[in-house]
1. Which of the residues spanning the stretch 179-197 are assigned to a loop (DSSP other than H, G, I, E, B) and either at pLDDT 70 or above or farther than 24 Å from M88 by Cβ (or both)?
2. Just to check your reading of the model, which residue among V176, V144, V200 is more than 19 Å from D67 (Cβ to Cβ), touching a His at 6+ places or on another chain (Cβ under 7 Å) and either aliphatic (A, V, I, L, M) or at pLDDT below 80 (or both)?
3. Go through the stretch 162-173 and give me each residue that's surrounded by fewer than 18 Cβ atoms within 10 Å (Cβ to Cβ) and either at pLDDT below 75 or touching a Pro at 6+ places or on another chain (Cβ under 8 Å) (or both).
4. For the stretch 51-74, name all the residues that are more than 16 Å from G25 (Cβ to Cβ), over 17 Å from the mean Cα position of the chain (by Cα) and in a strand (DSSP E or B).
Amino acid sequence: MIASLSGVVSVVRLNSVVLDVQGVGYLIFATPNTLAGLRTGESVTLSTYLVVREDAMTLYGFTDVDDREVFEIVQTVSGVGPRLALAMLAVHSSDVIRAAVVNQDVKALTRVPGIGPKVAQRILLELSGKMTAPSVIQGAGTSVVSTPSDERNQVIEALVSLGWNTKAAEDAVEHVLREQEQSFVASAAVPSTLRAALKVLGGQRG
């Protein structure tokens with residue numbers, strides 16, 4: 001098992017990163033939140049999880065060790081593979097997923113594309129007792145925290161690095177902040193704002 005990799009970011013793609021580790025490029029799939037914090041040419045250490053199949057070996061990477069742990073645990077549920085586990089972490093933080101399991105919150109899990117009520121109930125049933133409550137229980141929605149405007153700009157930069165043009169990224173963030181009733185110079189926490197902006201943008205780029 002490859003538990004972690006340290007190297008230089010070579011390429012950041014829409015759903016993955018290529019990490020140069022002493023001349024060897026590793027393709028690592030990750031959530032938008034993880035990818036948003038990576039910059040080409042910078043050194044980084046990622047906690048990783050290797051999925052071995054008959055036809056492929058696939059690496060998944062996380063800047064947060066708890067994200068990796070939750071990613072691994074949710075795959076113990078029948079019918080939940082790495083792609084769905086990654087989708088859960090793209091929509092919710094690991095703390096929100098833990099809280100949803102502890103509180104048996106079906107509605108929170110059904111916000112993840114690909115998870116309907118029946119699948120959500122199965123996940124909650126099979127994970128019962130396998131996850132501890134997070135240190136700070138958050139609601140299933142976004143947790144709004146006032147932060148400086150440079151963090152707002154960080155979300156915009158992340159969206160641009162993921163393939164959207166600057167104007168589209170700025171408009172999406174403005175839309176999210178208006179809905180959250182935040183001022184122009186303050187934003188929600190970067191991860192929740194990024195997730196919300198991605199939902200606004202959908203699949204359009206240009």
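The values are calculated or read from the model by the stated rules, or taken from the named source; none is laboratory data. Just so it is clear, the structure is predicted and the values come from calculations on it, not from any experiment. Cβ sites come from the backbone with ideal geometry, for glycine too, and all protein chains shown count toward neighbours.
1. Once the filter is applied, which keeps residues that are assigned to a loop (DSSP other than H, G, I, E, B) and either at pLDDT 70 or above or farther than 24 Å from M88 by Cβ (or both), the stretch 179-197 yields E181, Q182, S183, F184, V185, A186.
2. V200
3. G163
4. Within the stretch 51-74, V51, V52 qualify.
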